[in-house]
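Structure, as C-alpha cells:
A short reminder: the numbers here are calculations on the coordinates, not readings from a lab. Keep in mind the model is a prediction, meaning the values are calculated, not measured. We place every Cβ from the backbone using ideal geometry, glycine too, and count neighbours over all the protein chains shown.
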C-alpha cells in the first residue's frame, strides 16, 4: 500500500490476504467494498504516523501510558 | 419556573431540597415532553418511565423528611446506551446487542450519580458502539438535532446532546474517545466535558479504546456540568486507569471567580491553517478571545502539533484497540454491524503491532508539547468543530465534516477539555468553542467556561422546536 498526498492505492490481493489472515472471510464475501475501505483508511493513518516520525524512532522509548497492573 | 423542561440541575436540586418542587412533578413533566416530542427526535433507545417515577416518589418522600441523598437529589439524568444501568439491557445501539440481557449492576459512574440522588430516565441513542455515525441501517433510528431535525446532533453521544437541547433532561452521561461528548455539545449548543483521563471510572461502560476512553458530563449550563462532574469523580480500584488524588472536587467553589489574571493560550493554527474553519466558527472563536481579554485575561497565541498528526495517532490507537474488542464479532457476524461501524472497526485488522507502538511513542511526544503549552498558559482556547452540523441524510458531508474537528488531540494526551456554544450561525445552527486545561484542573476549565457563558448568555440558547 502506498500513499501520496492523501491518495491511497491499495493492492486488493494483499488486502484480501491480510483480511483472510485476520479471519474476515465472511466480511470479504458479503462486504468486499467495506473491507477495502477499511484497508484504505488504515493505510492513510499508518502512513501518516510513519512519515511524521521524521527521524527513526528511538527503539527503547516506551509508549504512553505505561502499563498499570492492578490486583483484582 | 413555568417551563420545567428548561430548569437547570442546580435549580432543580435547590427547589427540591427547599421543598418548593417535587421530583415527581419534574419527572412527570419531562416524561410527558419526551412522549410528545421524542418520536420526531429519537434521543431515547428506551425510556424507563416506571422506574423513574418510582425513584421520584422515593426521593420526594425523603426530601419531605429532610433527608437528601446528595447534591443531585431528585434530578433526572439520561444515560448513553453503552453505559450499564442495572435492570436495563445495554444495546450499544447495535444489532449485535439488540437482545442483550439486562445489566446486573450499574456502571460506576451511574452508581455515583444515583448515590448523589439522580433519577435515571432511560437509555439514550448513540452512534453504534460509539464509533459509527448517524446511521439508518441499525435497529433504532439515529437521534436528530433539535435545532434543525434535518441535521445531525453530533456524536457519538448523539441522544445525550439531542435530549439536552430538546429539554428532555437537565443532565446526561456521554463518553468520549475521539470527541464524542464534545461533538454533540458543539452541534447542539450544550456543555460537554471530557475530564482528565482517569478522573471518572469507566467500569461498566462498553469500551471502544481503553487508553482513549473517557466518561463525561453533558448539561445545558457550565454550573450543571461542574455539579454533575463533582458527583462522579473519585478513585475506582477496579478501573485500571482510575487515579487516586487527594484533593477536593467541589468545582462550584471557584466557578464565579472570573478570568482576571489568567493566561489563555489561543491555538489558532488548528482552525486557520490545519483545517480552515467556517468563517462563522472563526468569528465565534475570535469573539470568545476578545471577551476573555476584556474580562481581564491575557490571551497569547500558542502552537501545538498539527491536527492531522493528532488525528492519525488517535485513529491508530483507537482502531487497534477497538479491533481487539470487536474482532470475533466482525469475523462471525459482520452483517450485524451497520456499514459505518463495520468499516471503521475493521480498519484495526490492517494495522500492525509496530504501528500501535509507534503511535504510543508519538502520543508521548504530543503530551510533552501540550504540557509545554500549558506551562505558558493556564487554559488553551481552540476550535471544537470546524463547521456547523451538516444534514443527517448526506453521508458524504458527514464523512467530510466529522473529521474536521480539534477534539481528538486531547483524547490522545488525556487533558481535560470542554466544548460549549459561542452562538448560532446565520442558518440557526450552533457554533462552538473548546477550552483545555491542565491535568486534573477541571476547576479552571469551568471557571473560564463560566466567564464566557456569563458574558455571552449562551445558557439562554434553546431551540424553538415545539416549545
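Relative to the current alpha-carbon distance between residue B:53 and residue B:86, full extension at 0.36 nm per residue lengthens the span by 10.3 nm.
The overall shape of region B:127-249, judged from the alpha-carbon gyration tensor, is oblate: a/c is not under 1.5, and a/b is no greater than b/c.
Let me know the mean shielding of B:233-241 by other chains, meaning the per-residue number of their Cβ atoms within 10 Å of its Cβ.
If you average over the peptide's residues, the count of other-chain Cβ atoms is 2.
Reported to the nearest whole Å, the Cα centre-to-centre distance from region B:402-430 to region B:109-145 is 20. Inter-label distance, residue B:115 to residue B:301: 4.8 nm, where each label sits 7 Å from its Cα along the C-beta direction. Distance between the pseudo-spin-label points of residue A:52 and residue B:441 (7 Å out from Cα toward the beta carbon): 2.4 nm. The relative contact order of chain B, computed from alpha carbon pairs under 8 Å that lie at least 6 residues apart in sequence, is 17 percent. Where a ≥ b ≥ c are the square roots of the eigenvalues of the C-alpha gyration tensor, would you call region B:4-460 rounded, which needs a/c under 1.5, or, failing that, prolate if a/b is larger than b/c, or oblate? Taking the square roots of the gyration eigenvalues as a ≥ b ≥ c, region B:4-460 is rounded.
The spread of Cα positions in the protein assembly as shown, taken along each principal axis and listed from longest to shortest, comes to 70, 54, 52 Å. Averaged over the residues of A:14-26, the number of partner chain Cβ atoms lying within 10 Å of the residue Cβ comes to 3. Taken along the Cα-to-beta-carbon direction at a fixed 7 Å, the label points for residue B:426 and residue B:371 span 4.6 nm.
Once the piece of chain linking residue B:14 and residue B:137 is laid out straight, how much longer is it, given 0.36 nm per residue of separation minus the C-alpha distance between them?
Length gained between residue B:14 and residue B:137: 40.0 nm.
Here the peptides B:105-113, B:33-41 are ranked by packing, the mean other Cβ count within 10 Å, and the order with the highest first is B:105-113, B:33-41. Separation of region B:275-325 and region B:16-42, taken as the distance between their Cα centroids, equals 36 angstrom. Over the C-alpha atoms of region B:245-398, the Rg to Rh ratio, Rh being the Kirkwood estimate, stands at 1.06. Packing around the peptides B:295-302, B:334-341, taken as the average count of other Cβ atoms within 10 Å per residue, puts them in this order, highest first: B:334-341, B:295-302. Each distinct pair of alpha carbons in region B:344-467 adds a 1/r term; the inverse of their mean, the Kirkwood radius, is 17.0 Å.
A P(r) calculated from all alpha carbon pairs of region B:253-324, with 10 Å bins opening at zero, reads 17, 33, 28, 18, 4 percent. Full extension of the segment from residue B:272 to residue B:455, taken as 0.36 nm per residue of separation minus the current Cα-Cα distance, would add 63.4 nm.
List the residues of region B:409-453 whose backbone N lies under 17 Å from a point placed 7 Å from the Cα of residue B:256 along the Cα-to-Cβ direction. Backbone N within reach: B:446-453.
The listed peptides B:204-213, B:390-399, ordered by packing as a protection proxy, come out as B:204-213, B:390-399 (highest mean of other Cβ atoms within 10 Å first). Using the Stokes-Einstein relation with a Kirkwood hydrodynamic radius computed over Cα pairs, the translational diffusion coefficient of region B:1-146 at 4 °C and a viscosity of 1.567 mPa s comes to 82 µm²/s. Peptide B:315-328 is shielded by partner chain Cβ atoms: per residue, an average of 2 of them sit within 10 Å of its Cβ.
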